[in-house]
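Written out below as structure tokens is the structure these notes cover.
Every read-out reported here was derived from the displayed coordinates using simple, explicitly stated rules and does not represent laboratory data. Model, not experiment: these values are computed from the prediction. Positions of Cβ are backbone-derived with ideal geometry, glycine not excepted, and every protein chain shown enters the neighbour counts.
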Amino acid sequence: VQLQASGGGLVQAGGSLRLSCAASGSTISGDAIAWYRQAPGKEREWVAAIASGGLTSYLDFVKGRFTISRDNAKKTVYLQMNNLKPEDTGVYYCNVGWKRPFRSWGQGTLVTVSS
């Protein structure tokens, strides 16, 4: 399966964006899917994950602001990001796995939050 992230853009602090992670090839219904991000000059970090049954987990910094969800029929996982902060700026990626990536990285989507 290949995953493609999209939906990034430029937004002011306090704004919202919804990212999409679309799978091509095989189904993802049995897989946990996670979002990661890489800020300029920093290492990539795990942000949120959703299990096949819908269980979710979040980085403390985004709890209460971000919501991860999935639509298995559309083979898509979403990341709804509200009340964005400049510290959320980075390239966002999705990957198979709970908190450890299982696939090679695809092209991410850039999120820029201005103050």
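For region 76-95, the criterion of being of a type in the set (Gly, Ala, Ser), within 13 Å of the chain's Cα centre (by Cα) and farther than 14 Å from Ala34 by Cα is satisfied by at least one residue. Exactly one residue out of Val11, Val1 is touching a residue at least 12 places away in the same chain (Cβ under 8 Å) and touching a Leu at 6+ places or on another chain (Cβ under 6 Å), and it is Val11. You will find that of Ser26, Ser20, the residue that is out of contact with any Gly (no Cβ under 7 Å at 6 or more places or on another chain) and polar (S, T, N, Q) is Ser26 and no other.
Restricting the first member to region 89-110 and to residues that are more than 12 Å from Ala49 (Cα to Cα), and the second to residues that are of a type in the set (Lys, Arg), the beta-carbon pairs closer than 6 Å and six or more apart or on different chains are Gly90/Arg37; Tyr92/Arg37.
If you go through region 46-65 and keep only what is of a type in the set (Lys, Arg) and either free of Cβ contacts under 8 Å to residues at least 12 places away in the same chain or at positive phi (or both), you end up with just Lys63. Can you tell me which residue within region 28-60, out of those that are hydrophobic (A, V, I, L, M, F, W, C) and over 15 Å from Lys99 (Cβ atoms), is nearest to the chain's Cα centre (by Cα)? If we take residues in region 28-60 being hydrophobic (A, V, I, L, M, F, W, C) and over 15 Å from Lys99 (Cβ atoms), then Ala39 is nearest to the chain's Cα centre (by Cα).
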